[in-house]
Amino acid sequence: MEELYYPNRTEAKNARVKNICEYNELVARATEDFEGYWDQLAKEKISWFKPYNQVLDESNAPFYKWFVGGKLNASYQCIDRHLDSRKNKAAIIFEGELGDKQIITYRELYHRVNKTANLLKNRFGVKKGDRVVIYMPMIPEAAISMLACARIGAIHSVVFGGFSAEALRDRIVDAEAKVVMTADGAYRRGKPYLLKPLVDEALSQKCETVKSVIIVERNKSDIKWVAGRDFAYAELVENESPFCEPEEMDSEDPLFLLYTSGSTGKPKGVQHSTAGYMLHAHTTMENVFDVRENDTYWSTADVGWITGHTYIVYGPLSMGATTIMFEGVPVYPDAGRWWKMIEEYQVNQFYTAPTAIRLLHKTGANEPKKYNLSSLRVLGTVGEPINPEAWLWYYNEIGGGKCPIVDTWWQTETGGHMITPLPFATPIKPASATLPLPGIFAEIIDENGNKMPVGEKGLLCITKPWPSMIRTIWGDPERYKKSYFGDAKKDGKPVYFSGDGAMYDERGYITITGRVDDVINVSGHRLGTAEIESAIAKHLHVAEVAVVGRPDEIKGESVFAYIVLKNEDSFGEDVELLKEVNKIINSEIGALAKCDSIIIVSALPKTRSGKIMRRLLRAIAKGENITQDISTLEDPAVVQRIVDKFNK
Ligand code: WT7
């Protein structure tokens, strides 16, 4: 068995969960009395306006309801209740790409959120249940806008700033948003870039529901203002009162939508609840990062992803912590920027993605040595599998060999952590997410629902509901059922399919092996191959296309496309076509879905019924030998031709 890394015993004495026995006790309690376990936490951690009368309603599974009848408000939970004891504590520490700084106390956050809430409510008529799209860079106003929506019961849908106008429009249309909150632009790699023109472009078609656009002037760029529709945030917000009563929200009222890619069709609007989501955000923040009162916690995620929602905004603020928001990239002005910030702010918990670790290892292996990183106590990773080499560099060079790494497995749909070490309780092993959290019932099974033996890949499933789970796909409950719940049942309950493959080791530790569906993970960004294919198919000369993921040293996976042309002579060179394809991807989805390489082939391998054999294409892209039976193909010779071209 591989060696484990054990937490420091002295540190562990002060931790919330102090050793593996305590972890086991919590698991036992949650197993014996599942509802009782969550009931106790909900009573302790949530500031209820009105108590709930039922912990879990399973009568309409898989449409579960948690804490039925309870009333609360997420912004109250994140701000108001801290004002007695923490009004002058830093809630958000912001650092801009150019080095500009803001320290926002809980009291100031309270006023800024309230003013923004009043602005949305009074000036723009946003009511409970209305959707507000937030398309912003990593600036405090992004978090403030989210909390302002939560305060008045509006449902926010944050769209990552790297998405294109087209992708933004799809999300606006699907959610029928009333207001878009954005910025003129921001800074990246030291230079200003623009966001607002993309909003203009998105709104130029099919977005009739949007009545107003509120613009934060971040870099004072020269942008177009549409009279009657576009408003400058700073001017208006100053006229609003700094007090706004929080709306009484039901436990099950949606807090937000967040779109994510699936294996088919358009992105899914993952709908999260108020109480269950907030509860899991709060408790995982406490237990997984072990944040204490005077700590400074930093997640480098973007608010456009679920990590930014749960572990920059809602989780840290719910527990009254100090959370850092950083606008920039890890390598500007150099690959020491993050380590410099850790030194300066004396960061205690640091949470980032394996892609960034690999990039910083490769481009700045000596940078960490220049800074004092001794304040760090817990390190975390998220978003994609981490390789042992990157893990060890992170552990030794960043953590100084003394900080546990929490390799947290979860998804947009799970709302918060599911499988992860507890930093001072779980002995860790490089590149393993280790064990499910207490109260979370994860299992690796085969297609028939049987538990997988040690060392064999299976499907990662969750067999009981959990408070922060996705409630539905916005506007498409059938798709919710179909996407996540197959026919498999355990103890009579539908089983949640994550779409990930995983494996047990001898200790029962779980290692995630990656997606088993047509979703790929590029730099921790989740992309649907179907979406990329439909973008590429818009190219005039493309007859057919199949996109697969290909292993990449830094990004984890990269986008690889097999393309069949309408007329084989239209492109002499693959590079030329690649450029054009990327132009389309850029405008349909965004640069994050950029194709790294393509190969022009004469035909795609298909079964006699016309189904593309994707597994085969994935294997070829990885450079693996073809071991699959290809006799069922319509034209088995196609495969050899692709392999030959690939090897050229
Ligand atoms: C997918 C979810 C979770 C927040 C960010 C991504 C992959 C996530 C890990 C991990 C291996 C991981 C999975 C998952 N993933 N965490 N610790 N080890 N893989 O959220 O965009 O919803 O993507 O990210 O494949 O299904 P997301």
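Among the listed residues 405, 386, identify the single one that is in contact with a Leu (Cβ under 6 Å, 6 or more places away or on another chain) and in contact (Cβ under 8 Å) with a residue 12 or more places away in the chain. On inspection, the qualifying residue turns out to be 405. Checking each residue in the range 602-629 for being at pLDDT below 90, over 18 Å from residue 543 (Cα atoms) and of a type in the set (Gly, Ala, Ser) picks out 609, 623.
Please verify whether residue 323 is in contact with a strand residue (DSSP E or B) (Cβ under 6 Å, 6 or more places away or on another chain), under 27 Å from residue 219 (Cα atoms) and surrounded by 19 or more Cβ atoms within 10 Å (Cβ to Cβ), treating the condition exactly as stated. Spell out how you get there, then give the answer.
Details: in contact with a strand residue (DSSP E or B) (Cβ under 6 Å, 6 or more places away or on another chain): yes; under 27 Å from residue 219 (Cα atoms): yes; surrounded by 19 or more Cβ atoms within 10 Å (Cβ to Cβ): yes.
Yes: the conditions hold for residue 323.
Looking at the range 272-282, can you tell me whether even one residue there is in contact with a strand residue (DSSP E or B) (Cβ under 7 Å, 6 or more places away or on another chain), open to solvent by 10 Å² or more (accessible area, probe 1.4 Å), touching a residue at least 12 places away in the same chain (Cβ under 8 Å) and not charged (D, E, K, R)?
First, pick out the residues of the range 272-282 that are in contact with a strand residue (DSSP E or B) (Cβ under 7 Å, 6 or more places away or on another chain): 272-277.
Subset that is open to solvent by 10 Å² or more (accessible area, probe 1.4 Å): none.
No, every residue in the range 272-282 fails to be in contact with a strand residue (DSSP E or B) (Cβ under 7 Å, 6 or more places away or on another chain), open to solvent by 10 Å² or more (accessible area, probe 1.4 Å), touching a residue at least 12 places away in the same chain (Cβ under 8 Å) and not charged (D, E, K, R).
Determine, yes or no, whether residue 520 is among the aliphatic types (A, V, I, L, M) and touching a residue at least 60 places away in the same chain (Cβ under 8 Å).
Numbers: among the aliphatic types (A, V, I, L, M): yes; touching a residue at least 60 places away in the same chain (Cβ under 8 Å): no.
So residue 520 does not fit the description; no.
Out of the range 62-77, which residues are open to solvent by 40 Å² or more (accessible area, probe 1.4 Å) and not in a strand (DSSP E or B)?
Residues of the range 62-77 open to solvent by 40 Å² or more (accessible area, probe 1.4 Å): 63, 65, 71, 76.
The answer is 63, 76.
From the list 158, 173, 113, the one residue that fits, being out of contact with any Lys or Arg (no Cβ under 7 Å at 6 or more places or on another chain) and at pLDDT 95 or above, is 158. Of all residues in the range 313-343, those being over 20 Å from the mean Cα position of the chain (by Cα), closer than 14 Å to residue 188 by Cα and in contact (Cβ under 8 Å) with a residue 12 or more places away in the chain number 4. For residue 102, indicate whether it is touching a residue at least 12 places away in the same chain (Cβ under 8 Å), of a type in the set (S, T, N, Q) and not in a loop (DSSP other than H, G, I, E, B). In short, yes. Within the range 344-361, one or more residues are more than 25 Å from residue 410 (Cα to Cα) and within 26 Å of the chain's Cα centre (by Cα). Determine which single condition residue 343 fails, assuming it passes every other condition in (1) assigned to a helix (DSSP H, G or I); (2) out of contact with any Ser or Thr (no Cβ under 9 Å at 6 or more places or on another chain); (3) open to solvent by 50 Å² or more (accessible area, probe 1.4 Å). So residue 343 meets the others, but not (2).
Only one of the listed residues (363, 352, 310, 322) is of a type in the set (Ser, Thr, Tyr) and touching a Gly at 6+ places or on another chain (Cβ under 6 Å). That residue is 310. The set of residues in the range 435-477 that are of a type outside the set (Gly, Ala, Ser) and over 23 Å from the mean Cα position of the chain (by Cα) comprises 445, 446, 447, 448, 450, 451, 452, 453, 454, 456, 457. Of the strands (runs of 3 or more DSSP E) lying entirely inside the range 415-501, those containing at least 3 residues that are within 13 Å of the ligand (Cβ to nearest atom) are 458-462.
Checking each residue in the range 235-258 for being in contact (Cβ under 8 Å) with a residue 24 or more places away in the chain and polar (S, T, N, Q) picks out 241, 251. Per the conditions (1) open to solvent by 60 Å² or more (accessible area, probe 1.4 Å); (2) outside any loop (DSSP other than H, G, I, E, B), the sole criterion not satisfied by residue 18 is (2).
Exactly one residue out of 433, 425 is surrounded by 22 or more Cβ atoms within 10 Å (Cβ to Cβ), among the aliphatic types (A, V, I, L, M) and touching a Ser or Thr at 6+ places or on another chain (Cβ under 7 Å): that is 433. Cβ separations smaller than 8 Å between residues 6+ apart or across chains give the following pairs from the range 489-515 residues that are at positive phi and among the charged types (D, E, K, R) to residues that are away from the ligand (no atom under 16 Å from the Cβ) and open to solvent by less than 30 Å² (accessible area, probe 1.4 Å): 491/463.
Give me a count of the residues in the range 397-414 that are in a loop (DSSP other than H, G, I, E, B), surrounded by fewer than 23 Cβ atoms within 10 Å (Cβ to Cβ) and near the ligand (Cβ under 9 Å from one of its atoms).
So the count comes out to 1.
Quick check on residue 384: is it within 16 Å of the ligand (Cβ to nearest atom), open to solvent by 10 Å² or more (accessible area, probe 1.4 Å) and part of a strand (DSSP E or B)? Full working, then the answer.
Numbers: within 16 Å of the ligand (Cβ to nearest atom): yes; open to solvent by 10 Å² or more (accessible area, probe 1.4 Å): yes; part of a strand (DSSP E or B): no.
Taking the combined requirement at face value, the residue does not satisfy it.
The values are calculated or read from the model by the stated rules, or taken from the named source; none is laboratory data. Only a predicted model underlies this, so the values are computations on that prediction, with no experimental measurement involved. Note that each Cβ is placed from the backbone with ideal geometry, even for glycine, and that neighbours are counted across all protein chains shown. These accessible areas exclude ligands, DNA and RNA; they are computed on the full protein's heavy atoms, side chains included. Shrake-Rupley method; radii C 1.70, N 1.55, O 1.52, S 1.80 Å.
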